[in-house]
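Computed from the coordinates by the stated procedures, all read-outs in this text should not be read as laboratory data. All values derive from a computational prediction rather than experimental measurement. Methodologically, a virtual Cβ is constructed for each residue, glycine included, from the backbone with ideal geometry; neighbour enumeration extends over all protein chains shown.
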Amino acid sequence: MEVVIVQDADAGGELIAETIADLLRRKRDALLGVATGSTPLPIYQALTAKVRAGEVDASGARIAQLDEYVGLPAGHPESYRSVVLREVVEPLGLGEGAFMGPDGAAEDVQAACEAYDRALAEAGGVDLQLLGIGTDGHIGFNEPCSSLASRTRIKTLTRQTRQDNARFFDSLDEVPHHVITQGIGTILEARHLVLLATGEGKAEAVAQTVEGPVAAVVPASALQLHPHATVVVDEAAASKLKLADYFRDTYAAKPDWQGI
Ligand SMILES: N[C@@H]1[C@@H](O)[C@H](O)[C@@H](COP(=O)(O)O)O[C@@H]1O
């Protein structure tokens with residue numbers, strides 16, 4: 001696992017957007033797994049700016065969703081499908097045909113989950129999966145004690161996660177209790193995992209993810225099992241890392257051409 005400490009959220013967004021641009025220059029139809037929440041927005045803004053400036057051609061990119069609420073009406077502005085279309089697919093100038101996600105409104109949720117895992121595999125697998133992190137260490141919607149081998153499935157949100165996400169809804173009551181999420185085993189199949197965490201509120205989860213044991217109680221710690229996982233954190237989110245200086249030295253000594 002590589003840990004990169006950046007000054008702030010915008011610097012993290014720029015670094016990761018450049019990594020995605022590099023990937024698209026090598027593989028124009030790369031499958032990009034995207035996360036929702038506030039944290040990745042600077043990535044999408046920086047990538048959109050690069051596309052508009054002609055620095056990278058994203059017209060062949062394919063976008064895959066990480067997770068979804070169950071039971072929101074189709075077209076609800078806070079369904080993750082709507083969010084990803086609004087924040088990623090449309091700004092990049094892509095059509096809905098370039099986008100895939102699990103069906104949170106399916107009658108048979110389990111079948112929809114299995115179909116999504118199959119669709120990801122048939123699409124050739126995710127090249128780069130962006131991740132945020134919940135205050136409880138969740139990735140996607142894999143709450144604490146999710147199996148590290150889990151596949152895409154239905155999960156129940158913790159009270160904490162529902163409270164954290166209530167800011168996107170009119171009230172806490174409107175936040176769904178159930179979600180579909182790529183499993184941790186599914187996420188680990190992506191070729192490159194890039195987790196961005198910013199702000200003091202994520203510092204404890206980041207410390208446990210990076211320096212704690214691999215444990216289902218901290219789902220993001222599963223990144224330690226992946227051969228190419230990059231954790232990008234701002235100074236605030238890095239504030240509880242004991243090895244922060246080592247991570248800074250390691251990154252500073254890295255040749256420019258190597259990227260993350
Ligand atoms: N399912 C999403 C996660 O993918 C995201 O990482 C997390 C943190 O969101 P934020 O970046 O807004 O803190 O929120 C939700 O739970």
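Annotation: amide H of F141 within the under-5 Å range of Q182, sequence separation 5 or more or interchain, hydrogens built in the peptide plane. About the centre of its Cα atoms, region 81-153 shows a dipole size close to 120 debye [charges on the beta carbon of Lys, Arg (+1) and Asp, Glu (-1) only; nearest 20 debye].
If you place +1 on the Cβ of every Lys and Arg, -1 on the Cβ of every Asp and Glu, and leave all else neutral, what size is the dipole of region 111-260 about its Cα centre, to the nearest 20 Debye?
Working: 13 positive and 19 negative charges, 57 e Å.
With only Lys, Arg, Asp and Glu charged at Cβ, the dipole is about 280 debye.
Could you pull out every one of the lysines with an alpha carbon less than 19 Å from that of K242, ignoring same-chain neighbours closer than 8 positions? Partners found: K202. Within the chain, antiparallel bridges make up roughly 25 percent of the DSSP beta bridges whose residues both belong there.
Membrane-span-like helices of the chain, defined as complete DSSP H segments with a Cα extent of 20 Å or more along the helix axis and a mean Kyte hydropathy of at least -0.5, are identified as 9-26.
Show that you can apply the helix-only estimate: for the chain, add -39,500 (n - 2.57) for every DSSP H stretch of four or more residues, divide by all residues, and state [θ] at 222 nm to the nearest 500. Numbers along the way, then the final one.
On the way: 8 runs with 78 residues, N = 260.
Calculated mean residue ellipticity at 222 nm is -8500 deg cm²/dmol.
Selection among G199, A229, P176 by position relative to the dipole of the chain gives A229 as farthest towards the positive end (Cβ unit charges, Cα centre).
In the structure shown, the pairs K27/K254; K50/K254; K50/K155 are assessed against 27 Å; a Cα-Cα span above that value is assigned to K50/K155.
Within region 68-205, antiparallel bridges make up roughly 65 percent of the DSSP beta bridges whose residues both belong there. The alpha carbon centroids of region 87-162 and region 196-258 are separated by 22 Å.
Largest GNM mean-square fluctuation among A166, A21, A112, using the chain with Cα springs under 10 Å: A166.
GNM on the chain, alpha-carbon springs under 10 angstrom: the most fluctuating residue among D173, D57, D234 is D173.
State to the nearest 20 debye the size of the charge dipole of the chain about its Cα centre, where the only charges are +1 on K and R beta carbons and -1 on D and E beta carbons. Spell out each step's value before the answer.
Numbers: 22 positive and 37 negative charges, 88 e Å.
In debye, rounded to 20, the chain gives about 420.
Between the amide H of V232 and those of V4, L195, L196, A197, distances stay under 5 Å, these residues lying 5 or more places away or on another chain, with hydrogens modeled in the peptide plane. Name the residue farthest towards the positive end of the dipole of region 1-71 from the options V6, G71, L31, assuming +1 on Cβ of Lys and Arg, -1 on Cβ of Asp and Glu, about the Cα centre. It is L31.
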